[in-house]
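Read the structure below first, then the notes.
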Amino acid sequence: MNKLTGWDDTIIALATPPGIGAIGVIRLSGTKTFDIANELFPSRDLSLQPSQTLHIGFLKNGDAIIDEVVLSLFKGPKSYTGEDVIEISCHGSPFIQQQIINACIAKGARLAKPGEFTQRAFLNGKLDLAQAEAVADLIASNTAASHKTALHAIRGGFSEKLKELRERLIRFSALIELELDFSQEDVEFADRAQFYQLIAELTGSTGQLINSFQLGNVIRNGVSVAIIGKPNAGKSTLLNTLLNDNRAIVSDIPGTTRDTIEEIINIDGILFRLIDTAGIRQHSGDVLESAGIERSLEKMKQADLVIYLFDVKDTQAEVESWKSKLVKEQLNYLLVGNKIDVYGEVEYNNKFAVFEKLVLISAKKQLHMEVLRERMVDTILQGSVQTENTIITNARHYHALKEVMRSLIDIKNGLDNKLPGDLLALDIRHCLFYLGEITGEITNEDQLDYIFSKFCIGK
Ligand SMILES: Nc1nc2c(ncn2[C@@H]2O[C@H](COP(=O)(O)OP(=O)(O)OP(=O)(O)O)[C@@H](O)[C@H]2O)c(=O)[nH]1
Ligand SMILES: [Mg+2]
């Protein structure tokens, strides 16, 4: 019996998007699922049918046929929620769907709250919390990369790692607590050297997970790329070429772009938000253009990646001075030399050979654009991230991991300062609490309600 939602009740919701479609799927879950369905589907007794079977027939409200439907039967615990579940596939008319839902409600079901199916799956131990949240991410994923990370989390990659670390910590915590019982005798059950090593390992993994959040965020929300450079460098041309579109105005008059323009492209499954900016000139007399330039500098500082675009006839010293600016601001950057179609490539390769993060292109003639696209992806992924690695995409996990890190530092300090066992035990409990919070071993009702309320209805 569920303490949290009183799940004696049977819930119902449309699982497919509302509106007209080829078919619609309505999901019923709970103890009365088969009773309710039996009343509407008179042709056979569904409760006598084996689980995981399909049944075609008329769905009726009294004598009136509502629709010809296909029912998919899942008997608990072998179902998504762990309860008895029936999915009704009907014709995709909003009218029919509403009729079916109303009929089920009349027979005793109630409308599900957002995420309530997944919440029940969690409460029945079908998913842990990190997996349940990944379901929401999976539904929201709109690129190949975000799809992969969400899928990886559902398969439990992330939780597995944390669970293993948590269990090892629990073992130590038990030993330390045991020492407390024998405090008169001054014994140490927990080997301090081994404990140090565990804490170091935990700190390493936690740090990695925390760092992955930035990347996780990028995969989920897209990478902002500011294209900056002097007037006439070809920034708007580059934007257009990357977009395969004539989105921004291009002209040979310096200062053509006055404001910033944003467009989204997908490269290798990662969304890049390209931002074309006003050309940056040291002394601009034109007030309007200056306002645009201010905005360019602003955009540059906020960007996940800065492309500094320059004309390959610019001096090496000038590019160097831009590079040091970007390094000083700790920005991810690429130096992109443009217009190699005019000046010939080999010579300029030598001229700029000192720069590591360099690509030479022609935006107008579309030369080496593939190289640029690759370098953009590499710079973001920094070559190190495969989707097999665990990536944090969830702000709740991130904050819990920060707390884990804080308590690990406290534990380490405690060990260094030979803190008595009871104080050490306190820090360990703190750490365990936050680790458990991520996988849902430790939860409270408000938190659960909050998490599941972000799901869509019917999931
Ligand atoms: N030959 C050649 N010309 C280019 C190339 N890329 C851009 N241009 C030309 O350079 C001029 C300036 O291009 P824009 O894209 O407007 O330059 P911008 O950096 O956006 O300039 P502002 O908006 O004024 O800051 C135009 O005449 C382009 O056709 C290139 O790869 N080769
Ligand atoms: Mg422009």
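Computed from the coordinates by the stated procedures, all read-outs in this text should not be read as laboratory data. Computed from a prediction, not measured in an experiment: that's the story for all the values here. FYI the Cβ positions are ideal-geometry reconstructions off the backbone, even for glycines, and counts take in every protein chain you see.
Using the beta-carbon distance between Asn350 and Asp259 and R0 = 41 Å, what value does 1/(1 + (r/R0)^6) give for FRET efficiency, to the nearest 0.05? Could the numbers behind the result be given before it?
Working: r = 37 Å, r/R0 = 0.91.
Efficiency, rounded to the nearest 0.05: 0.65.
Straight-line reach from Lys235: which lysines have a Cα under 23 Å away, not including same-chain ones fewer than 8 places off?
Of all the lysines, those that pass the test against Lys235 - Cα under 23 Å, at least 8 places apart if same chain - are Lys299, Lys301, Lys313, Lys323, Lys325, Lys328, Lys339, Lys351, Lys357, Lys364, Lys365.
May I ask you to sort Lys323, Lys299 by Cβ crowding, counting other Cβ atoms within 10 Å and putting the fewest first? Kindly include the intermediate steps, with their values, before the conclusion.
Numbers: Lys323 18, Lys299 21.
Ascending Cβ contact count within 10 Å gives the list Lys323, Lys299.
Relative to the Cα centre, what is the charge dipole magnitude of the range 306-353, using +1 at the beta carbon of each Lys and Arg, -1 at the beta carbon of each Asp and Glu, and rounding to the nearest 20 debye?
It comes to approximately 180 debye.
Short version: ³J(HN,Hα) in whole Hz for each residue of the range 251-264, in order, from phi by Karplus 6.51 cos²θ - 1.76 cosθ + 1.60 (θ = phi - 60°), x for Gly and Pro, what are they?
Karplus-based 3J(HN,Hα) across the range 251-264 equals 8, 8, 8, x, x, 5, 7, 9, 10, 8, 10, 10, 9, 10 Hz.
Over the range 45-143, how many pairs of lysines fall under 23 Å by alpha carbon, counting only those 8 or more apart in sequence or from different chains? Numbers along the way, then the final one.
Values: Lys60/Lys75; Lys60/Lys107; Lys75/Lys107; Lys75/Lys113; Lys75/Lys126; Lys78/Lys113; Lys78/Lys126; Lys113/Lys126.
So the count of such lysine pairs works out to 8.
What shape does the range 16-82 have by the C-alpha gyration tensor, where a ≥ b ≥ c are the square roots of the eigenvalues, rounded means a/c under 1.5, and otherwise prolate means a/b greater than b/c and oblate the rest?
On the way: a/c = 1.81, a/b = 1.15, b/c = 1.58.
It is oblate, given that a/c is not under 1.5 and a/b is not larger than b/c.
Assign one of three labels to the range 58-125, namely rounded, prolate or oblate, based on the Cα gyration tensor with a ≥ b ≥ c the square roots of its eigenvalues; rounded applies when a/c is under 1.5, prolate when it is not and a/b is larger than b/c, and oblate otherwise. Please report the intermediate quantities before stating the final value.
Working: a/c = 2.26, a/b = 1.85, b/c = 1.22.
Prolate shape, in that a/c is at least 1.5 and a/b is the bigger ratio.
Taking H as built 1.01 Å from N, whose amide H comes closer than 5 Å to the amide H of Arg110, not counting residues under 5 places away?
Thr10, Ile11, Ile12
Could you please rank Val312, Val336, Val70, Val250, placing first whichever residue has the fewest other Cβ atoms within 10 Å of its Cβ? Show your work: numbers first, answer last.
On the way: Val312 23, Val336 27, Val70 14, Val250 19.
The most exposed by this proxy come first: Val70, Val250, Val312, Val336.
Using a Cα-Cα cut-off of under 22 Å, which lysines could be cross-linked to Lys402, ignoring same-chain neighbours fewer than 8 residues away?
Correct list for Lys402: Lys161, Lys163, Lys412.
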